[in-house]
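Below you'll find the structure, written out as C-alpha cells, and then a few comments.
The values are calculated or read from the model by the stated rules, or taken from the named source; none is laboratory data. Quantities reported herein were computed from a predicted structural model and do not represent experimental measurements. Virtual Cβ from ideal backbone geometry, glycine too; neighbours counted across all protein chains shown. Heads up: the accessible areas ignore ligands, DNA and RNA and are worked out on the full protein's heavy atoms, side chains in. Shrake-Rupley method; radii C 1.70, N 1.55, O 1.52, S 1.80 Å.
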Amino acid sequence: MTRSLPLTTRRSALAVGGLAAAAAGLAACSSGGDSGSSDGGGTSIDLEERGPITLARGKDTTGALANFLSRWNDDHPDEQVTLIELPESADDQRSQFISNAQAKSDSYTVLGLDVVWTAEFAANQWVVALPEDTFDLDALIPATVTTGTYFDKLYAVPFTTNAQLLFSRKDLLEEAGYDQPPATFEEMWEIVAKVQEKHPEINGFGSQYAKYEGLTCQLTDVVASAGGEIFDAEGAPHADSAEATTALQTLRDGFDQGHIPQEALTYKEEESRQAFQDGKLIFLQNWPYVWDHFQNDDGSSQVVDKVQVSLVPAVAGEGTSTIGGANYAISAFAKNKGTAVDFIAFMTALEQQKAWMIETATPTATAAVYEDAEVAKTFEFLDTLKSAIDKGVSRPQVVKYGDVTQAIQEAAYSCISGEAEAADALAQLQEQLTGLVES
C-alpha cells in the first residue's frame, strides 16, 4: 500500500512521498499539473531555454539506448543529447551524481536516478521540480509516479520499473524429476541437492551478494517474503525482527550448506548472469534483461531454450521481489532545461516505452504496455513479470539513503560471509538505523 509518512521528527530522515510497491491499482499521487514548476531554490524552469544537453545514467548493458538517442537527435539537430555513461554499480552512480551536484556542475543535464534516490536528491535541491502537465502521468503505473515525488511535487518521471525473477534450468529440473520451479528456498535447496547428485560440477543458486546496492535489494525482498520489513510505513526500523532474522539466516544457510557457491559473494548483476549463461548455475535470481542474453544463438550462451521463468523464491508464502527501475530527473545546475523536459517527455511516451520493453526485455512504467499484443508476443513471461511487479516491495525511501543502504549491506554481508551470526548482525543494524532515523 502506498502511504505518506506522518509529520514527525522522522521527517528529517525519511521522505514523505511514500513507499511504493510499483504495482497497478495502488493509490497514485496526484498528477494534477502546475505548469509553473520550480526547482529546489524556488526559481521557475525556463521552458524556452533550449540547446544541447547530456543524459547521465548507468551503463547501458542492453545496447539499445543509442538507437533511441539517434531518433531524438535526428529530429533535433540544435538540441542534441550526448550520453554520459556512468558505472554499472548503483553505488558508484550515486557517488558521481552527488559529486557533480556538490560541485554545482552543469555537465549533467538529465539524470537517470534509481527509484529510491528521489527524496535525497530533492531534499538537497540537486534536482528541480518538474512541470507535471508536460507529462502523461495518468498513463503510468500509479505507484511508479509516487517514486518520483517528494512533498507532493514531481521531481522525476518514471522511465522503467523492474522486478527480479527466478531463472531455472528446466532441462536439469526435468531430468531430476521436477516439473515445476521451486516456490521457496527450502524447495530450491531440495532440487539443488537432487540435481547435483548427477551434476556435482554445476552450482546451485546465484544472485547478487557482493557488498553493493544489489545486496540491499536481496535482503529487502527476502525479509518481505518472510513476512517482515526493514522499515514500517511510519518510518520505524524493524531490522532485528524475528522475520528478518529468519530471512537472513535462510541466505546464510544457503552458503553454509553449499547451495549458494562462495563465489556468489562477488556477484553483481553481470557476474551472476554470466555464470548462469555459461551453464554454471541451476538457478539464478536477476532482472529480466538477462533473458535475451540467455537466448543468444551466437555461441555465447550455454542455456538457449533451457530456461524457465517464475517468481523469486520465498522464505514462506509467495516470492517477493524488490522493485527496481529508473526515473529521469533534471539537474538543478544544468543549462537548457526546456530541452531536457521535452527529452524526458519523449523517452517516457508510449511509443518509446513499448519499443524499449520489446528491445531490451526491461519493464517500462506505462501501464498500457502490459496489455499490448506485440509486447506479449515478444515477452513470453509477461504475466509472470507483471505478477512480480504487483507483489513487489520498495527499498526504504529515505533522505539519508546512502547511510541506510551502506548499513544494510554491511550487516547482510557480515552474516552471509560467515563473519557474524544473523541475530547479532541485525541487532547492530537495528541500532544503526534507529540512530539514522532519530538524527
Right, V312: modelled with pLDDT under 95, of a type outside the set (D, E), open to solvent by less than 10 Å² (accessible area, probe 1.4 Å) and under 20 Å from P181 (Cα atoms) or not?
-> no
Would you point out which residue out of T149, T118, T144 is surrounded by 20 or more Cβ atoms within 10 Å (Cβ to Cβ), modelled with pLDDT under 95, among the polar types (S, T, N, Q) and touching a Pro at 6+ places or on another chain (Cβ under 6 Å)?
-> T144
Do we have any residue at all in segment 323-343 that's farther than 30 Å from L111 by Cβ and outside any helix (DSSP H, G or I)?
-> no
Among the residues of segment 213-227, count how many are open to solvent by 20 Å² or more (accessible area, probe 1.4 Å) and at negative phi.
-> 2
Is there a residue being farther than 21 Å from A388 by Cβ and open to solvent by less than 10 Å² (accessible area, probe 1.4 Å) anywhere in segment 282-300?
-> no
Can you tell me which residues in segment 329-348 are open to solvent by less than 10 Å² (accessible area, probe 1.4 Å) and in contact with a Ser or Thr (Cβ under 7 Å, 6 or more places away or on another chain)?
-> I330, S331, A334, A340, V341
Within segment 243-250, is there a residue that is under 27 Å from V398 (Cβ atoms), part of a helix (DSSP H, G or I), open to solvent by 10 Å² or more (accessible area, probe 1.4 Å) and in contact with a Phe, Trp or Tyr (Cβ under 7 Å, 6 or more places away or on another chain)?
-> yes
In segment 75-113, residue most open to solvent (accessible area, probe 1.4 Å) [restricted to those that are charged (D, E, K, R) and not in a loop (DSSP other than H, G, I, E, B)] = D75
Of S107, S70, S30, S89, which residue is over 22 Å from A332 (Cβ atoms) and modelled with pLDDT of 95 or more?
-> S70
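Yes/no per residue for (1) without any contact (Cβ under 8 Å) to a residue 12 or more places away in the chain; (2) at positive phi; (3) open to solvent by 40 Å² or more (accessible area, probe 1.4 Å):
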position	(1), (2), (3)
I389	no, no, no
R395	no, no, no
A407	no, no, no
A411	no, no, no
C415	no, no, no
A420	yes, no, no
D424	yes, no, yes
E431	yes, no, yes
L436	no, no, no
Do you know which of the residues in segment 271-310 that are of a type in the set (A, V, I, L, M) and part of a strand (DSSP E or B) is nearest to S89 (Cα to Cα)?
-> L284
Which numbered condition H199 fails, given (1) open to solvent by less than 30 Å² (accessible area, probe 1.4 Å); (2) at pLDDT 95 or above | (1)
Unmet criterion (only one of (1) without any contact (Cβ under 8 Å) to a residue 12 or more places away in the chain; (2) touching an Asp or Glu at 6+ places or on another chain (Cβ under 9 Å)) for A103 | (2)
